[in-house]
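The values are calculated or read from the model by the stated rules, or taken from the named source; none is laboratory data. None of the values given here were measured: they were computed from a predicted structure. Note that each Cβ is placed from the backbone with ideal geometry, even for glycine, and that neighbours are counted across all protein chains shown.
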């Protein structure tokens, strides 16, 4: 099982004007939530670790996870609101976000929720603002510190300046995670904000030097680049009739983890891919992301929509 740690929230889209205001379309979301759903849809046993509200939105998030087959034993029900995010999609398909989440359930994960993981857990996936807001950040860091030598840890910073505008806080979280994770993915947009003027390749190679086995930088419509100790390359993204890019990065992460798991490589030393495998992993992840970009919101693909899994590894 892969346990995904972090926030679950409601993405709120403007769905048209009414006589006296706006019609709103609220959809289940949050980067870690999306990755958990994506892994389940791709056939991976997955659990979700995060605080969920007892309110109507929180109940809907829990029901959505359960409906996809995500294990919610590690998701306590909390007497706090669900984070709402106003999403404004630009002409280029890239979303902008405004967060309404102070005191929300996803930030209030109790330490007791992460005290013991199920025996079948083999990997942890962490991401986004849950690593930079308290008290959840301290809870998740304690979990990583305890488990990173035993489990494969994957991380996507998925920067959200609307939650924490201090770039130094995000850099500190990323640089704390780098020596403790084996798969680290970030977007070129995030890296440009975190490290202005620095070539993403230099950042990725610094991650490898810190102990990361597989470093990936996504580049929106330009595809993605990846580095291991023995290979590096860039792959272009498949052509797609773009609707929006909401959830594309989360799809890449879920697909990379799935590709590794299907080949028995989600283990210590297993992520050090050679050039051929690196190309195959990126192509699989970019094909999955293209599916998501072809429909509205974070509607991640199912396994049958992608190239078949290997028969054996």
Self-check item: First in region 61-72 and free of Cβ contacts under 8 Å to residues at least 40 places away in the same chain and at negative phi, second anywhere and surrounded by fewer than 20 Cβ atoms within 10 Å (Cβ to Cβ) and not in a helix (DSSP H, G or I), Cβ under 8 Å, 6 or more apart
Solution: 62/72; 62/77; 66/72
Quiz item: Among the numbered criteria (1) outside any helix (DSSP H, G or I); (2) at pLDDT 95 or above; (3) farther than 21 Å from residue 293 by Cα, which single criterion is violated by residue 162?
Solution: (2)
Quiz prompt | The one condition in (1) modelled with pLDDT of 95 or more; (2) surrounded by fewer than 15 Cβ atoms within 10 Å (Cβ to Cβ); (3) closer than 27 Å to residue 28 by Cβ that residue 259 fails to fulfil | solution = (2)
Quiz item: Would you pick out the residues in region 292-313 that are assigned to a helix (DSSP H, G or I) and crowded, with 20+ Cβ neighbours inside 10 Å?
Solution: 292, 293
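Taking region 190-220, which residues are surrounded by fewer than 18 Cβ atoms within 10 Å (Cβ to Cβ), in contact (Cβ under 8 Å) with a residue 12 or more places away in the chain and within 27 Å of residue 240 (Cβ to Cβ)?
193, 201, 219, listed by residue number.
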Quiz prompt | Count of region 108-134 residues which are more than 17 Å from residue 148 (Cβ to Cβ), surrounded by fewer than 23 Cβ atoms within 10 Å (Cβ to Cβ) and touching a residue at least 60 places away in the same chain (Cβ under 8 Å) | solution = 3
Quiz item: crowded, with 22+ Cβ neighbours inside 10 Å and either out of contact with any strand residue (DSSP E or B) (no Cβ under 6 Å at 6 or more places or on another chain) or assigned to a loop (DSSP other than H, G, I, E, B) (or both): does that describe residue 155?
Solution: no
Quiz item: Are any residues in region 72-92 touching a helix residue (DSSP H, G or I) at 6+ places or on another chain (Cβ under 7 Å) and over 12 Å from residue 53 (Cβ atoms), and if so, which ones?
Solution: 72, 74
